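Asker: Please see the structure below; I have some questions.
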Amino acid sequence: MASQSAVGQARASLTSRQREFLDALAAELALRDPQGSFLDQVDDPGLLARQTADRAVDSAQAWVQHLGPMYDVEGVRQLLGGPAAPVSRQAVSKRRGLLALTTGSGRVVYPAFQFVGGSPLPQLARVLAELPEPVVSRWTVASWLVSAEPTLDEARPVDLLAAGQVDAVVRAARAWAAALVQ
């Protein structure tokens, strides 16, 4: 169970809309379970809280808003080979330098930001090599690529890659990975 100070700190950082939601949720709980007998039977309140949050905030939609559109394997096949000669599914899955993300349902998707003019970003493989999966998840790497990076003067790594500034992005990725393993 979370400590009272941790709960207080978390509540203090909430937006007014989040506080409004929590107040409404508390009011509904008071109406539906006035004595708390239902919640007394819950083995893992944290799990129930996560499930409630999952229903309130679709994390998949949040990722799409943050990362932008995604291609499935079929879309990447068409993109890389063109409509007349798409590359094979196996060629897509084995292609180095593509950032593949596995969804909670096991589906593999490819963020569209890694393609420019129908081709993969040049040298993305070098950046990905600096951020191996055991150190950082592919979803976190995708987020890093599209977020303002302080060590790159608040530029997004993906934009610098598209502009050909590969070495700077590789150095930033290397430094980030080193900080993660400390």
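The values are calculated or read from the model by the stated rules, or taken from the named source; none is laboratory data. Quick caveat, the model's predicted, so the values are computed rather than measured. Positions of Cβ are generated from backbone atoms using ideal geometry, with glycine treated the same way; all protein chains shown enter the neighbour counts. Heavy atoms of the whole protein, side chains included, go into the accessibility calculation; ligands, DNA and RNA do not. Shrake-Rupley method; radii C 1.70, N 1.55, O 1.52, S 1.80 Å.
Asker: Putting +1 on Lys and Arg Cβ atoms and -1 on Asp and Glu Cβ atoms, find which of V170, T102, L80 reaches farthest to the positive end of the dipole of the chain.
Answerer: The residue sitting farthest along the positive end of the dipole is L80.
Asker: Taking 0.36 nm per residue of separation and subtracting the Cα-Cα distance, what length does fully extending Q9 through S143 add? Let's see the in-between values first.
Answerer: On the way: separation 134, 0.36 × 134 = 48.24 nm, distance 2.54 nm.
Stretched fully, the Q9-S143 segment lengthens by 45.7 nm.
Asker: So who's got an amide H within less than 5 Å of the one on Y71, skipping anything under 5 residues away but keeping other chains? H placed 1.01 Å off N, in plane.
Answerer: Close amide H contacts, sequence-distant or interchain: Y110, A112.
Asker: On to the next question. Roughly how many Å² is the accessible area per residue of the stretch 127-182, as a whole number, for a 1.4 Å probe? Walk me through the intermediate numbers first.
Answerer: Numbers: 2810 Å² over 56 residues.
That works out to 50 Å² per residue.
Asker: On the full set of protein chains, 1.4 Å probe, figure out the accessible area of S37 and give it in Å² to the nearest 10.
Answerer: Here the accessible area works out near 60 Å².
Asker: Where nothing but the Cβ of Lys and Arg (+1) and of Asp and Glu (-1) is charged, how large is the charge dipole of the chain around its Cα centre, in debye to the nearest 20?
Answerer: 720 debye
Asker: Once you sort the root eigenvalues of the Cα gyration tensor of the stretch 105-168 as a ≥ b ≥ c, which label holds: rounded (a/c under 1.5), prolate (a/b larger than b/c) or oblate (the other case)?
Answerer: It is oblate, given that a/c is not under 1.5 and a/b is not larger than b/c.
Asker: Can you work out ³J(HN,Hα) from phi for every residue in the stretch 169-182, in order, using Karplus 6.51 cos²θ - 1.76 cosθ + 1.60 and θ = phi - 60°, giving whole Hz and x for Gly and Pro?
Answerer: My calculation for the stretch 169-182 gives 5, 4, 4, 5, 5, 4, 5, 5, 4, 4, 5, 6, 8, 7 Hz in order.
Asker: Just want the answer: with Cβ charges of +1 for Lys and Arg and -1 for Asp and Glu, which residue in S93, L161, V127 is farthest toward the dipole's positive end in the stretch 87-175?
Answerer: It is S93, whose Cα lies furthest towards the positive end.
Asker: About its Cα centre, how strong a charge dipole does the stretch 81-158 have in debye, to the nearest 20, once Lys and Arg get +1 and Asp and Glu get -1 at the Cβ?
Answerer: With Lys and Arg at +1 and Asp and Glu at -1, about 500 debye.
Asker: For every helix of n ≥ 4 consecutive DSSP H residues, a contribution of -39,500 (n - 2.57) applies; sum these over the chain, divide by its total residues, and give [θ] at 222 nm rounded to the nearest 500 deg cm²/dmol. If you can, show how the numbers build up before the last one.
Answerer: Details: 11 runs with 103 residues, N = 182.
My calculation for the chain gives -16000 deg cm²/dmol from helical runs alone.
Asker: If you don't mind, another one. Give me the percent of the accessible area of the chain that comes from carbon and sulfur atoms, probe 1.4 Å, all protein chains in place.
Answerer: Numbers: 6430 of 11740 Å².
Taking all protein chains in place, the chain shows 55 percent carbon and sulfur surface.
Asker: Between A129 and V87, what is the spin-label point distance in nm, taking each point 7 Å from the Cα along the Cα→C-beta axis?
Answerer: The modelled label-to-label distance comes out at 1.7 nm.
Asker: Let me ask another. From the phi angles alone, apply the Karplus equation (6.51, -1.76, 1.60; θ = phi - 60°) to the stretch 124-140 and give each ³J(HN,Hα) in whole Hz, x where the residue is Gly or Pro.
Answerer: Once rounded to whole Hz, the list reads 4, 4, 5, 5, 4, 5, 6, 10, x, 3, x, 8, 8, 5, 5, 5, 5.
Asker: Using only Cα atoms and rounding to the nearest 10 degrees, what angle (0 to 90) does helix 45-56 make with the longest principal axis of the chain?
Answerer: For helix 45-56, the angle is close to 60 degrees.
Asker: Which value in nm describes the separation of the simple spin-label points at A178 and Q41, placed 7 Å from the Cα toward the beta carbon?
Answerer: Going from the A178 label point to the Q41 one covers 5.6 nm.
Asker: What is the extension gain from A26 to H66, computed as 0.36 nm multiplied by their sequence separation minus the C-alpha to C-alpha distance, in nm to one decimal?
Answerer: 11.4 nm
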